[in-house]
Amino acid sequence: MTSPLNRSPLLVFLLLGIGVFAVERRLADGDDHRRVVTVTNEQVEALRARWDAQWGRAPTRRELQGLIDEAVREEILYREALRLSLDRDDPIVRRRLAQKMTFMLEDNAELPPPAAHEVGEYFAAHAERYREPPRTTFRHIFLNDDGRIAPRRDATALLHEVRNGEAESWRRAGDPFMLLREYADRTDREITDLFGADFTTALRDLAAGGWQGPVDSAHGTHLVEVLERSAPRPPALDDLRERVAQDLLEARRRERNRNALQALRERYDVRLPAAERLQERP
């Protein structure tokens, strides 16, 4: 005997459609608890506080309702995005979630203040880090290379005039300069930021006293007079105790974060491509 289902493909299609609809309806009904968006009193107060911090006043009733509507809109869109798995395979979302997890690890890394002897031990092990760098006091005469055929030759001629007292005041000699003409107690790093590394290297080799040059910089050509140079000073713990304690705390926090991340990593079986796939490509 032939089954009615075999005689009517349309009937089979209708029955399958009804079955799929029933399953989807059941899943939707079971999903109803996730479709409730509840705005709590605490959330409303947080919205008020955020508005007050931004605008310096409490929101009106209409403004508060707008904030609530926007928060509900954001929550609905967020849930729908998760339902559609839009959070998967998105590098920006992955990076943001990893960043938030890092913040959680750091927040859980509350450490007690180090003891006095621990600060002393850390200071002794890293004394070079706290050494006071050498400082240089100098003045300079600037020559703009633009428009000059031989700027170093011009600088050498001006140096001869300045040394022999034939030039006008050093402050008025040379070309206008957009920065200062004299600097006091500047470290090598500060000088590099202003004039470039080549100038700092050349300045380091100049003896104190008398005009010298020419010296090249990121701006042009200079004549330089080193007035004073201080030697590196050994650090004193009593002057740096608070800074050293903070550095020690930060080092311990980084170490704890590394250990926490390593503990998380050990929960996973990390499988890498074959070694040849990791080679640099020409």
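Since every read-out is calculated from the coordinates, none of them should be taken as a lab result. Nothing here was measured: the structure is a model prediction, and the numbers come from that model. Here the Cβ positions follow ideal geometry from the backbone for every residue, glycine too, while neighbour counts run over all protein chains shown.
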- Query: Among 198-206, 135-143, 222-230, how do they line up from the highest to the lowest mean number of other beta-carbon atoms within 10 Å?
  - Reply: 135-143, 222-230, 198-206
- Task: Would you order LEU180, LEU237, LEU105 from fewest to most other beta-carbon atoms within 10 Å of each residue's own beta-carbon?
- Result: LEU180, LEU237, LEU105
- Assertion target for TRP55, TRP211, TRP170, ordered by fewest C-beta neighbours within 10 angstrom first, is TRP55, TRP170, TRP211
- Query: What relative contact order, as a whole-number percentage, does segment 132-230 give when Cα pairs under 8 Å and 6 or more residues apart are counted?
  - Reply: 45
- Message: I want to check the label-to-label distance for ARG163 and LYS100. Put each point 7 Å from Cα in the C-beta direction and report it in nm to one decimal.
- Response: 6.9
- Query: Say each of ARG233 and ALA263 gets a label point 7 Å from the Cα, pointing the same way as Cα to Cβ; how far apart are those two points in nm?
  - Reply: 4.4
- Query: Around ARG181, what is the net charge, scoring Lys/Arg as +1 and Asp/Glu as -1 over all other residues with Cβ under 12 Å from its Cβ?
  - Reply: 0
- Can you put ASP193, ASP188, ASP269 in order of Cβ neighbours within 10 angstrom, beginning with the fewest? ASP269, ASP193, ASP188
- Note on the structure: The rounded separation in angstrom of the Cα centers of segment 185-221 and segment 44-81 is 56
- Message: Which residues among segment 216-256 fall inside the zone where the amide N is under 18 Å from a point 7 Å beyond the Cα of GLU128, along Cα→Cβ?
- Response: 232-236
- Item | Within segment 211-227: backbone nitrogen closer than 18 Å to the ASP193 label point (7 Å, Cα to C-beta) | 218-219
- Message: Going 7 Å from the Cα of LEU111 along its beta-carbon direction, which residues of segment 252-266 have the amide nitrogen within less than 15 Å of the resulting point?
- Response: 252-261
- Message: Please list, ordered by chain and number, the residues whose modelled amide H lies under 5 Å from the amide H of THR221; skip anything fewer than 5 residues away on the same chain.
- Response: LEU143, ASP145
